[in-house]
Amino acid sequence: MSLNLKIFELLYLFAAFHGVLLATLLILKKRSHNNRYLFLLILLFSFYLTENVIYSSGYIKQLPHLYLVTLPIIFLIGPLFYTYVRAMLATEFRPRPRDLFHLLPFLFEVIILIPFYSLSGDTKIAIYERSLETTASWDFSIYFLGFLIYIGGTFWSFFASYKLLKNHPVPSGSRDRKKLSWLKKAAIGFFSYMFLSLILSIIIRPFPEITPVYFHVNLICLTVLIHAIGYVAFISPDIFNSAQISNYQFSSMSANKIRELSSHLEKLMNTDCPYLQSDVSAKDLGRLLNISKHQLSQLLNVGLNTTFYDFINQHRIEHSKRILRSKEYQEAKILHIAFDSGFSNKASFLRNFKKLTGLTPTNYRNLHENRVSIN
C-alpha cells in the first residue's frame, strides 16, 4: 500500500517534525533543564500527531500495532504542564515521591489498553475498520471511566497550575516578569485546547457526522500549539533558560548583608577569577562565598540586578577585552581567546562580546592597535 497523504496530513507531519526538532534542540541547551517537562510535552504531542496521521491516512493497516499506542499520552498533558509550572516558580525544585500519583491516570489507561495491545494485527485492523463505521457511545464502560478520569485529572492539573500562577508575586526583574507572563499565556493556551477538545467530544455524540471535524480541529490545535512554542523560543530564547522565576519578597537577607556579600563577591571575582572555568556553576560560586545557591541568586538579582550567567559572562568579556588589548595575544586566534576567557565555544563568545560591546572581537582588537602588556 502506497502512502498517499493529503495536504493537511502533511501539515500535521511537518508540525510533528518541528516539535521533535524544537524539543531536541532546547533539551540539549545547557541552561534548559527546568523546561524539560515542557519539551517532553512537545515530544508527546509530536508522537500523537504522527500516529493520528497514520490513522487518518489508512496506513495504520500496514502498521496495526501502532493503533492507539499514543492514546495514553493525553493523560500526561495536565501533569507535565503542572510540573513545568512548579519547576519554574519554585526556588529550588525537586520532584517529590508523591508526584508519582499524578501518573496514576496514565497508568490506568495503559493497563486497560493492555488487552487491546496484546491482540493480533489482523484483529486490530478489524477493530480499526469498525471504528470508521460506528460512533462513540455514552454507555458506561471501563474505557468511558478512563475518559472521565482523563478529564478530571487534566482539569485538576490546570486548576492547580492557575492557582500557583495567580498567587505568585509579580517579580521585580523584567526577565522574570516575561517568564511569568509566558507561563500564564501557555496555561491559557493549553487550557483552551483541553476545553475545546472536551466540548467537541461531547457535541459529536449525538451528531456523528461531525466526527471528522472534531478530529481535525483537535490536530489543528496541537499544530498551532507546537508552532507557537517554537515562535516564542525563537523571539525570546531567554524565557527557556534554566533559572526559575525569582521571588525574594519573603527573603530574610538584609540590605546590609547584600552589600557585604556584593563587596566580597567582587573581590573574589578579581582575585580567584572563577569565571575562567568554563563549567563554573552557581553552586560553585555560592560555595566560594559560603552561601547557598538561592542566596547567591538573590544577591545577583537584588544586589546587582543581573543573573548568574550574565554576571559570569560580563566578567569573561572584560577579561577578553584586556587580552585583545595586550601585546602577548596580538597574534592569538579568536577561538584561543574565547577559551582563555572561560567560554566553552567560539559562538557563545562572539554572541556575548557583540552584545556587551557592540563590536566583534576582531573589530575591538583593531581599535586598540597600540597594545600594552597584559600585566
Complete set of residues in the stretch 24-79 that are in contact (Cβ under 8 Å) with a residue 24 or more places away in the chain, closer than 30 Å to residue 279 by Cβ and touching a Lys or Arg at 6+ places or on another chain (Cβ under 7 Å): none
Residues (among the polar types (S, T, N, Q) and outside any helix (DSSP H, G or I)) located in the stretch 310-327: 326
Any hit, the stretch 298-310, residues being in the same structural domain as residue 277 (by TED's automatic domain parsing) and either in contact with an Asp or Glu (Cβ under 7 Å, 6 or more places away or on another chain) or under 13 Å from residue 353 (Cα atoms) (or both): yes
Residue within the stretch 268-288 that is assigned to a helix (DSSP H, G or I), in contact with a Lys or Arg (Cβ under 8 Å, 6 or more places away or on another chain) and at pLDDT 90 or above present: yes
First in the stretch 167-194 and in the same structural domain as residue 224 (by TED's automatic domain parsing), second anywhere and at pLDDT below 85 and charged (D, E, K, R), Cβ under 9 Å, 6 or more apart: 170/176; 170/177; 171/177; 171/179; 175/238; 178/238; 179/238; 184/166
Lone qualifier among 156, 138 - being more than 34 Å from the chain's Cα centre (by Cα), at pLDDT below 90 and in the same structural domain as residue 212 (by TED's automatic domain parsing): 138
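The values are calculated or read from the model by the stated rules, or taken from the named source; none is laboratory data. All of these numbers come straight from a predicted model, not from anything done at the bench. Backbone-built Cβ (ideal geometry, glycine too); neighbour counts: all protein chains shown.
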